[in-house]
Amino acid sequence: MCGIIGVTGDDGALEVIIDGLHRLEYRGYDSAGVATVRGDGLWRARAADGTHSVEALVTATAGCGGDRTGIGHTRWATHGGPTVENAHPHVDCTGRIALVHNGIIENHAELADALAGAGHRFSSQTDTEVLVHLLETEVAGGAALGDALRAVMSRAVGAYSVVAISADDPELVVAGRRSVPLLVANDDGAGFVASDVSALLGRATRYFALEDDQVAEVRPASLRVTDPDGAEAEPTALSVDPAWDVVAAQKGGYDDFMSKEMHEQPRAIEDTLFDRRDHDGSLVLDELHLGPDDLRAVDKVVVVACGSSYHAGMVAKYAIERWARLPTEVEIASEFRYREPVLHERTLVIGVSQSGETLDTLEALREARRAGTRTLVVSNVVHATMAREADGALYTRAGPEIGVASTKCHVAQIVALEVLALALAQWRGTLGRPAVSLLFDQLHELPELVEETLGRSKEVEAVAAALGGARDYFFIGRHLGYPVALEGALKLKEISYLRAEGYPAGELKHGPLALIEPGTVVVALLDPLREKMTSNVAEAAARGATVVALASDGTPEVAGLAGVEHVLHVPAVPEPMFAPAVQVVPLQLLAYALARRLGNDVDRPRNLAKTVTVE
Ligand code: AGP
């Protein structure tokens, strides 16, 4: 989850690194640091200033520069607090090797004991530091830096990526990875390493993904990649999606990325739907790489995902079961892999992930493949590790999402999964072509409906203002309103730090109702199952809850509903199965408005990171 960048052969290496760190901040911002080769030694600067660590690093490095080789890091703390001492890069006892790391070294305690016994001095509480001392040992034994890294990786257990430089080989950056992403890139006369392509956009012309346990030796004019046994290997060339340009990764006049990304939702839906229909009206999902025959053979679907992607997966369950009549389970990825799931060759396991790199989901998909199932990933990042490893992929085309709280990618995932459900129904013959065609036409109405919902942000802001100092929220819904309620609660927790729980409305009376008291806010999605929801709203209101009802236009009776104090209206959606993509929007806006009122940084919520590559 940390962000890594390495550069060699560029006279402005420090500027490139700092700029890259700004673009990588979404991966973690507990601290930031840089090390460069300067003169015949290393120079290092680090800063830890909460969500402003990269800015603090900019101040700390002002007036410096002129070095050609260096590495940088933004940290999401796992082992050791977010302090300067724990900030990367870490250096060895000689001060001649510097290293940055992302992920977790699971056997770090055992390695640290052995290294301390051999006289190495540690200056941080991180698991990372063992790596640089292990490198030091290998180099002292005569190994070149690349060979030394390979040896270190053979001893370090876990999922991680690591990048290092040495004052003794001033134009070399070495890099290796296991289970977490790392790419290398080059241009004429400069070489780069980064945990994510966004750090290098506009800098390099050729990009390559490192595969598990490969080590790259990057020099200004050469790139050498080796397998764990030292044999030369070909890295996988990546084509960078033109939608992922530098401009797309900037705020474009909005106050923050979250706001910009919420307003990009209509476009994200349009792009995700684009070109999915053949001239005869049938759906075609080109990048799927699984043909109709493969999918006709499927007799069970399992969706694995985390966070907002899991909520999108829940929507998929309703759609796949309804249209394709396939039993569908949805499971939190981190739980799936440890429970010995029953899988076979007719099961289709679908991983849903904005980043395509979330370790829990990646490992769940690997587990599924080991069991002999077909795997499919719904990802926003082309060539992400999940997309490369799965049998097939379906891309959401939302463009880069920088805000930690997922908005446009979540909505694009819902739409992509609905398209997939329709395609499964078409191939299995459970829906006729006219029905598929009509539903697909109705999907095309979503961009406009979402646009209209975004246009109602003032209503939402007024409700946020009225809710004032409330600190406890419940989001309740039934059927497809349930995943939307979960997503609304997650958005609010993430960026406002207010206590928020999502519940199936019918479940309130089985326990959580005990928590409802005057001052508790209950946000209720009245549709679907409005009559049942009405009773649940009354039950909450009777206990003193402040009720905010989310209702479709044309629900006049809502204003008179017992206990409803505020109403958020959304446009009516032609097909109820598509409603989540619209209903979630006011909940995003509500979380945003409440978080802004509290003065929070909506793009960089505390303790979180965008891409979660630890278990
Ligand atoms: C969403 O707002 C969250 N930041 C988080 O729950 C996210 O959806 C989750 O970490 C999964 O990420 P992924 O989609 O990249 O796999």
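The values are calculated or read from the model by the stated rules, or taken from the named source; none is laboratory data. Since this is a predicted model, take the numbers as computed values, not measurements. Positions of Cβ are backbone-derived with ideal geometry, glycine not excepted, and every protein chain shown enters the neighbour counts. For accessibility, only protein heavy atoms count, side chains too; no ligands or nucleic acids. Shrake-Rupley method; radii C 1.70, N 1.55, O 1.52, S 1.80 Å.
So which pairs qualify, if the first residue must be in region 397-425 and without any contact (Cβ under 8 Å) to a residue 60 or more places away in the chain and over 19 Å from LEU449 (Cβ atoms), the second must be open to solvent by 10 Å² or more (accessible area, probe 1.4 Å) and within 12 Å of the ligand (Cβ to nearest atom), the Cβ gap must be under 9 Å, and the two must be at least 6 apart or on different chains?
Close Cβ pairs (under 9 Å, with a partner that is open to solvent by 10 Å² or more (accessible area, probe 1.4 Å) and within 12 Å of the ligand (Cβ to nearest atom)) do not exist here.
Report the residue count in region 172-205 for those that are closer than 24 Å to ALA144 by Cβ, open to solvent by 10 Å² or more (accessible area, probe 1.4 Å) and of a type outside the set (A, V, I, L, M, F, W, C).
The number of residues fulfilling the criteria is 3.
Looking at ARG428, ARG388, ARG366, ARG370, which is the one that is of a type outside the set (A, V, I, L, M), within 21 Å of VAL302 (Cβ to Cβ), in contact with a strand residue (DSSP E or B) (Cβ under 8 Å, 6 or more places away or on another chain) and more than 10 Å from the ligand (Cβ to nearest atom)? First the steps, then the outcome.
On the way: ARG428 fails: in contact with a strand residue (DSSP E or B) (Cβ under 8 Å, 6 or more places away or on another chain); ARG366 fails: in contact with a strand residue (DSSP E or B) (Cβ under 8 Å, 6 or more places away or on another chain); ARG370 fails: in contact with a strand residue (DSSP E or B) (Cβ under 8 Å, 6 or more places away or on another chain).
Going through ARG428, ARG388, ARG366, ARG370 in turn, just one is of a type outside the set (A, V, I, L, M), within 21 Å of VAL302 (Cβ to Cβ), in contact with a strand residue (DSSP E or B) (Cβ under 8 Å, 6 or more places away or on another chain) and more than 10 Å from the ligand (Cβ to nearest atom): ARG388.
For region 102-110, state whether one or more residues are over 25 Å from ARG366 (Cβ atoms) and in contact with a Ser or Thr (Cβ under 7 Å, 6 or more places away or on another chain).
Looking through region 102-110, none of the residues is over 25 Å from ARG366 (Cβ atoms) and in contact with a Ser or Thr (Cβ under 7 Å, 6 or more places away or on another chain).
Can you tell me which residues in region 580-615 are in the same structural domain as GLY469 (by TED's automatic domain parsing), more than 20 Å from LYS251 (Cα to Cα) and within 14 Å of the ligand (Cβ to nearest atom)?
VAL584, LEU587
Please give the number of the condition VAL16 fails out of (1) buried (at least 24 other Cβ atoms within 10 Å of the Cβ); (2) touching a residue at least 60 places away in the same chain (Cβ under 8 Å).
(1)
Hey, among ALA143, ALA199, ALA112, which residue is over 24 Å from VAL225 (Cβ atoms) and in the same structural domain as ALA233 (by TED's automatic domain parsing)?
The match here is ALA112.
Sort through GLY469, GLY511, GLY560 and tell me the only one that's surrounded by fewer than 18 Cβ atoms within 10 Å (Cβ to Cβ) and on the phi > 0 side of the Ramachandran plot. Don't jump to the end; show me each part of the working.
Working: GLY469 fails: on the phi > 0 side of the Ramachandran plot; GLY560 fails: on the phi > 0 side of the Ramachandran plot.
Among GLY469, GLY511, GLY560, only GLY511 is surrounded by fewer than 18 Cβ atoms within 10 Å (Cβ to Cβ) and on the phi > 0 side of the Ramachandran plot.
Please specify each residue of region 110-147 satisfying the condition of being in a helix (DSSP H, G or I) and in contact with a strand residue (DSSP E or B) (Cβ under 8 Å, 6 or more places away or on another chain).
Of everything in region 110-147, those that are in a helix (DSSP H, G or I) and in contact with a strand residue (DSSP E or B) (Cβ under 8 Å, 6 or more places away or on another chain) turn out to be LEU111, GLU129, VAL130, LEU131, VAL132, LEU135, GLU136, VAL139, LEU145, GLY146.
Identify the single condition in (1) part of a strand (DSSP E or B); (2) of a type outside the set (Asp, Glu); (3) free of Cβ contacts under 8 Å to residues at least 60 places away in the same chain that HIS566 does not satisfy, given that it satisfies every other one.
(3)
So, in region 375-422, of the ones that are of a type in the set (Val, Ile, Thr) and at pLDDT below 95, which residue ends up surrounded by the fewest Cβ atoms within 10 Å (Cβ to Cβ)?
Out of the qualifying residues, it is VAL382.
On the given criteria, is ASP169 of a type in the set (D, E, K, R), closer than 18 Å to VAL218 by Cα and not in a strand (DSSP E or B)?
Spelling it out, ASP169 is indeed of a type in the set (D, E, K, R), closer than 18 Å to VAL218 by Cα and not in a strand (DSSP E or B).
All but one of (1) assigned by TED's automatic domain parsing to the domain that holds LEU526; (2) touching a Pro at 6+ places or on another chain (Cβ under 8 Å) hold for LEU449; which doesn't?
(1)
Can you give me the number of residues within region 107-147 that are within 31 Å of the chain's Cα centre (by Cα) and open to solvent by 50 Å² or more (accessible area, probe 1.4 Å)?
2
Pairs needed: first member in region 470-498, closer than 18 Å to LYS610 by Cβ; second member anywhere, charged (D, E, K, R); C-beta distance under 8 Å; at least 6 residues apart or different chains.
LYS493/ARG499; TYR497/ARG606
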